[in-house]
Amino acid sequence: MISGPEQRADTTAETPSPSGRPRRPLRRILGYALTLAVMGGITWLIISQSGYRPGGDGAGPGGPPGMMRGGGGGRLGRDQPVPVLAVAAKAADVPVYYDGVGTTRALNTVTVRPQVDGRLLRLNFKEGEDVEKGFVVAEIDPTIYQAQYDQAVAKKAQDEAQLANARLDLDRYVRLAQTNAATKQQADTQRATVAQLEAQVKADQAAIDNAKAYLDYTKVVAPISGRTGIRLVDVGNLVKAADTTGIVVITQIRPISVIFTLPQQQLAAVVKAADEGRLPVLALGTDRRGTLDRGVLQVIDNQVDPTTGTVRLRAEFPNADLQLWPGQFVSVKLLVDTLEKVVTVPTAAVQRGPNGTFVYVVREGDTVALRPVTVTQQDDTTAVIASGVAAGDRVVTTGFSQLADGKRVTLSSGDPAAPGGAPPAGERRRRPSGGGAPQADAPAAAPTAAPSGAAPPSAASPPGAASAAEGEPPPAASPRRRTEGAGGGSAVR
């Protein structure tokens, strides 16, 4: 029998410590359980969000388009119809424009400067008003120039009096020379004096004209019709003919011109079209939607800039509404051709793959067929199809992420003018009572060009997928705004 310190030591050795080995299996079991719980939660979350029902017969509510609701080993459903938006291809006349960027310039610009020195007495214009050619813009003190003019006039009168007297003396000398009362030399000398005084009178007239010109210069007139700018000098200042600042700048803005550039690759087509007639030009605002004015091409520069590889062109606009202003940057569209009765589709319908461009055409039975197409012209809203699609064929404009050749689709109603051809937000989560993809209430509307800022439909999520995945309510449907020129379309090379 053990007692005392030895007994206490044995008792201590048999008691497990808090950090002893007997508790390690318990921690390991708790860790495994926690890991399994996390994995089970993630699995439940994925299944609940996707609406997947393993072993079901498809009677329950379905998940997003393309997800299989029944059994089949838990694979994604391939028979589920995909909701898409389709519009009909149509035949139309498509104008071909070349786009450029230019600067507006006044047709004529004049800096009005004084031609004589003197004190500025008055300004007869208001800043920013239109003046006609010959309008007296400013007046300079004419005192000195009036005196010079009067002096020239008096000098001429004096010389004319001397000339009249010399002519009388000449007549006397001629009669006296005939009677030998005076020598012939005296008559010849007097004849030379008369000629000399006649020349002096002519010189006096020239001096009068010169003085009159300087006197007229004291009234500064507008050399062209145009609009005045901000005055450059105030009344009372001493102005000089050598001043480079001037009094005011007058610009002719009706009509007005725009200088713009095009790549040299487009020069041949522009020259050919210009030989057939005057080419219309559109001046657009900074948003490239509103048309500021319509004009015609006037000049193609005679050389290409070797530094930039562009050629300069000048168009003239009437500018009746003063929408164009000197120095303003504008976008220019030059009409070079019009494609008549060509097949057009929305640009959003044209997709690109390894084998080139293609579209999805909706066939009878609500299935789609992949058709390679040849695109001749294309802009932000309209694509011109040379082959592969005929007028009247319905082409898909949205919902490409789950499409394949022969795939069944459900046509959704909506405004095809919406960005990317997406259906209205109010229909993105609409499902039939038996589950499945959203149903359409009406056939797709007629094709309308989408706004230029719309995102490519191939990059957008399928209708209803984003709202269903995140569990958020669908956004309210917003009114659609049609852009200028929608439906007609244009092609830009």
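Derivation of every value follows stated rules applied to the coordinates shown; laboratory data play no part. Treat the numbers as computed from the prediction; the structure is a model and nothing was measured. Note: ideal-geometry Cβ built from the backbone for every residue, glycine included; neighbour counts use all protein chains shown.
A protection proxy built from the mean count of other Cβ atoms within 10 Å ranks the segments 152-158, 96-102, 84-90, 225-231, most packed first, as 84-90, 96-102, 225-231, 152-158. Charges were assigned to the Cβ only: +1 to each Lys and Arg, -1 to each Asp and Glu. The resulting dipole of region 112-239 about its Cα centre is roughly 280 debye. With the cut-off at 27 Å, tell me which of the pairs Lys133/Lys202; Lys202/Lys240; Lys156/Lys219; Lys133/Lys333; Lys341/Lys407 have Cα atoms farther apart than that. From the list (Lys133/Lys202; Lys202/Lys240; Lys156/Lys219; Lys133/Lys333; Lys341/Lys407), the Cα-Cα distance tops 27 Å for Lys133/Lys202; Lys202/Lys240; Lys133/Lys333; Lys341/Lys407. A simple rule links phi to the HN-Hα coupling: the Karplus curve 6.51 cos²θ - 1.76 cosθ + 1.60 with θ = phi - 60°, which for region 341-352 gives 6, 9, 7, 10, 9, x, 4, 5, 6, 7, 10, 10 Hz, with x for Gly and Pro.
Scalar couplings 3J(HN,Hα) for region 240-250, obtained by applying the Karplus form with A = 6.51, B = -1.76, C = 1.60 to θ = phi - 60°, are 10, 5, 7, 5, 9, 6, x, 9, 7, 9, 10 Hz; x denotes Gly and Pro.
Remark on Ile253: its backbone amide H falls under 5 Å from those of Arg227, a criterion applied only to residues 5 or more positions apart or on other chains, H modelled at 1.01 Å from N.
Highest average first, the peptides 207-213, 315-321 ordered by how many other beta carbon atoms sit within 10 Å of their residues are 315-321, 207-213.
In this structure, the amide hydrogen of Val375, modeled 1.01 Å from its nitrogen in the peptide plane, lies closer than 5 angstrom to those of Ala386, counting only residues at least 5 positions away or on a different chain. Spatially, region 227-254 and region 87-112 are offset by 34 Å when compared through their Cα centroids. Projecting the Cα atoms of Val137, Ala207, Ala222 onto the charge dipole of region 112-239 (Cβ charges, centred on the Cα centre) puts Ala207 farthest toward the positive pole. Using the Karplus relation 6.51 cos²θ - 1.76 cosθ + 1.60 with θ = phi - 60°, the per-residue 3J(HN,Hα) values for region 140-154 come to 10, 4, x, 4, 5, 6, 5, 5, 5, 5, 5, 5, 5, 5, 5 Hz, with x marking Gly and Pro. Checking the a/c ratio against 1.5 first, then a/b against b/c, what shape does the Cα gyration tensor give for region 112-239? Prolate.
For Gln328, nonlocal amide neighbours, meaning residues 5 or more places apart or on other chains whose placed amide H falls under 5 Å from its own, are Thr104.
Once you order the gyration tensor axes a ≥ b ≥ c over the Cα atoms, which shape class does region 281-347 get: rounded for a/c under 1.5, otherwise prolate or oblate by comparing a/b with b/c? Judged from the Cα gyration tensor, region 281-347 comes out oblate (a/c at least 1.5, b/c at or above a/b).
Residue separation of Asn165 and Val271 scaled by 0.36 nm, minus their Cα-Cα distance, works out to 30.8 nm of gained length.
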